[in-house]
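What follows is a set of notes on a single structure, which appears directly below.
The values are calculated or read from the model by the stated rules, or taken from the named source; none is laboratory data. Computed from a predicted structure; not experimentally measured. Counting neighbours? That spans all protein chains shown, and the Cβs are built from the backbone with ideal geometry, glycine included. Side chains are part of the model used for accessible areas, which takes the heavy atoms of the whole protein and leaves out ligands, DNA and RNA. Shrake-Rupley method; radii C 1.70, N 1.55, O 1.52, S 1.80 Å.
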Amino acid sequence: MAKRSFKNTVLPTILTYIGLAIGLVFAAFPIVWMFFSSLKSNTEIFALPPTLLPKTFTIAAYLTIFNDPVKVRFFINSYFVASVVTFLTVVIAILTAYAFSRYSFRFKNTLNVFIISTQTVPPITLLIPYFGMVVAFRIFDTYLALVMTYMVFTLPYAVLLMTGYFNTLPKELDEAVMVDGGSSWTALWRVIVPVSVPGIVATAVYTFLLAWNEFLFALTLTKSMDLRTVPIGIQLLMGQHAFEWNEMMAMSVLGSLPLLVLYLVAQRYFLAGMTAGSVKS
């Protein structure tokens, strides 16, 4: 009995923890290496044999970034574009998802299929058409071009996520507002939205991550340094004759911090929002 109990309970638990530990090391090691590399000099990074911990800790790479207005501008641009895209995407997704969740109308299923099908299109295939449209509308090298392009990719998933979450909420909530003389608009903003915070946070976090990390369209649709974002700034540190690896690592650390902080702060809501729409109550 003792051996059987060990095989059935203790052994699977031990193997599970071992697997999780291996996964943690595999996922965390590049991040740890990036952080400590940002505290090395560029020369020490290329030293052989390589070492994880720097022989001499230095924050020169960080000081170089903070003292360079161009590099600081990269972060300002990323914050601005990602924040605007997140706000607009969440607002439009809430309105659209409420309509899909609460109303029946013509071509509803067709629109749902269309929204889902947009997720199957590789973004790179749309690069040249979007570039042509942006130039034709004379918004090349503007914030507007980035915001509108990013929203094309963030909105479909946001609508699907919010629709799934709204479907878990009983329609009696809306009906109670109607009985009290309220409108659908009142029901949405005063009842549905407050109880949908987990879903909204999950949508906002996903949208912000996508907009913050986007590289291809930011590189193609902008040309001036005043509009470049953090991913482009990191790529620009790869010069023709030399790579500023310590600065690249430092900028990568600084670029990852907002995402890490955002996820840690909203983790509880994020996990609840991502899973709630998967099962309809």
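Against the definition (closer than 21 Å to residue 214 by Cβ, open to solvent by less than 50 Å² (accessible area, probe 1.4 Å), assigned to a helix (DSSP H, G or I) and of a type in the set (A, V, I, L, M, F, W, C)), how does residue 75 come out, yes or no? Spell out the reasoning first.
Values: closer than 21 Å to residue 214 by Cβ: yes; open to solvent by less than 50 Å² (accessible area, probe 1.4 Å): yes; assigned to a helix (DSSP H, G or I): yes; of a type in the set (A, V, I, L, M, F, W, C): yes.
Taking the combined requirement at face value, the residue satisfies it.
Would you pick out the residues in the range 136-194 that are part of a helix (DSSP H, G or I) and of a type in the set (Asp, Glu)?
172, 174, 175, listed by residue number.
Restricting the search to the range 202-226, which residues are open to solvent by less than 60 Å² (accessible area, probe 1.4 Å), touching a Lys or Arg at 6+ places or on another chain (Cβ under 9 Å) and assigned to a helix (DSSP H, G or I)?
Passing the criteria: only 218.
With respect to residue 260, determine if the residue is surrounded by fewer than 17 Cβ atoms within 10 Å (Cβ to Cβ), aliphatic (A, V, I, L, M), modelled with pLDDT of 90 or more and on the phi < 0 side of the Ramachandran plot.
no
In the range 92-122, which residues are open to solvent by 50 Å² or more (accessible area, probe 1.4 Å) and either in contact with a His (Cβ under 8 Å, 6 or more places away or on another chain) or of a type in the set (A, V, I, L, M, F, W, C) (or both)?
Residues satisfying the conditions are 92, 95, 105, 107, 111, 113, 114, 116, 121.
Listed here are the residues, each with its yes/no results for (1) open to solvent by less than 40 Å² (accessible area, probe 1.4 Å); (2) more than 22 Å from residue 234 (Cα to Cα); (3) touching a residue at least 40 places away in the same chain (Cβ under 8 Å); (4) hydroxyl-bearing (Ser, Thr, Tyr).
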{"position": "29", "(1), (2), (3), (4)": "no, no, no, no"}
{"position": "40", "(1), (2), (3), (4)": "yes, no, yes, no"}
{"position": "48", "(1), (2), (3), (4)": "no, yes, no, no"}
{"position": "53", "(1), (2), (3), (4)": "no, yes, no, no"}
{"position": "57", "(1), (2), (3), (4)": "no, no, no, no"}
{"position": "64", "(1), (2), (3), (4)": "no, no, yes, yes"}
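Name, by its number, the condition in (1) touching a helix residue (DSSP H, G or I) at 6+ places or on another chain (Cβ under 6 Å); (2) of a type in the set (Val, Ile, Thr); (3) open to solvent by 50 Å² or more (accessible area, probe 1.4 Å) that does not hold for residue 125.
(1)
Of the residues 18, 14, 22, which is open to solvent by 100 Å² or more (accessible area, probe 1.4 Å), free of Cβ contacts under 8 Å to residues at least 60 places away in the same chain and either on the phi < 0 side of the Ramachandran plot or in a helix (DSSP H, G or I) (or both)?
Unique residue meeting the criteria: 22.
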